[in-house]
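The next block holds one structure in the form of structure tokens; read it before the comments.
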Amino acid sequence: MSTQPAIEALTRLREGNRRFIANVRGIDALLSQQRRADLVAGQQPFAIFLGCSDSRAPAEILFDQGLGDLFVIRIAGNIVAPSGIASVEFAAQRFGIPLVVLMGHTGCGAIEAALESISRPNDESLRNLKSIVDRVRPAIEPLVTTELARDPAALRRQCVRANVRAGANHLRHGSPVLERLVLDGKLAVVGAEYDLESGVVDFFDGVPDA
Ligand SMILES: [Zn+2]
């Protein structure tokens, strides 16, 4: 019943992100290729990552991690769909991983598409994105009718964060398995935002107290 393992995992990610921003590689990530043979027998990743498929937001690079370090699920809009929950459940249970990071990012095309689907509900060209957009829209729809709507950049930023908060909450409460792990203090679900411009990952939701 300790949040210590989750805090340690978070610290590793924060340090890795600092190296990424400074454009230096840590020795562990650099040498992880040499551990490839050891990893054949099994893996012990220290964090689960659920993020967007965007080519500019790859977890292993942003956090300067190597082979066997992160259990990664990526899907457009970092939506929390049933298969994503199942993947997180699998990793959390099988490997006893103490931390899940759900990460959105600035300039997300899926958020843009969800906003377009609100303003142009009959646009046929958005139909193929329906399964993604339908999971993003409930979190961002309330923001569109607020003052924020006058400031498109601020609106988009808040939409990214609202989508992350909703997704993290869904992971905490949308699965009996994960909810039990969270209640037992064995798993922390943290929401984060990656800033394409600065390279910084801001962990802003559900960060466990030290
Ligand atoms: Zn995206």
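Listing for the model above:
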| quantity | calculated |
| --- | --- |
| GNM top mover of GLY68, GLY191, GLY42 - the chain, alpha-carbon springs below 10 Å | GLY42 |
| Likely footprinting exposure, VAL133, VAL24, fewest C-beta neighbours within 10 Å first | VAL24, VAL133 |
| Sites GLN93 and ALA149 - FRET efficiency at Förster radius 41 Å, r taken between beta-carbons, to 0.05 | 0.45 |
| Full-extension gain in nm, VAL207 to ARG25, via 0.36 nm per residue minus C-alpha separation | 63.0 nm |
| Nitroxide proxy distance, nm - points 7 Å out along Cα→Cβ at GLN158 and ASP38 | 4.8 nm |
| Simple label model, 7 Å out from Cα along Cβ direction - ARG180 to ARG74, nm | 3.3 nm |
| Sparse-neighbour loop sites [GluC sites (Glu not before Pro); the stretch 156-199; at most 12 other C-beta within 10 Å; DSSP] | GLU197 |
| Distance (nanometres) between label positions extended 7 Å along Cα→Cβ at ILE118 and VAL200 | 2.6 nm |
| Span per principal axis, largest first, for the Cα atoms of the chain (Å) | 53, 40, 34 |
| Local electrostatic count, PHE46, Cβ distance below 9 Å [Lys/Arg +1, Asp/Glu -1] | -1 |
| Loop-resident sites, the stretch 110-210, for trypsin sites (Lys or Arg not before Pro), counting at most 11 other Cβ within 10 Å (DSSP) | none |
| Rg to Rh, two decimals, where the stretch 2-90 supplies the alpha carbon set and Rh follows Kirkwood | 0.97 |
| Within a Gaussian network of the chain (alpha carbon springs, distance under 10 Å), most fluctuating of SER53, SER32, SER198 | SER198 |
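Here, each number is a calculation from the coordinates, and none is a lab measurement. Computed from a predicted model, the values in this text were never measured in an experiment. Because the Cβ atoms are built from the backbone with ideal geometry, glycine has one as well, and the counts that use them run over all protein chains shown.
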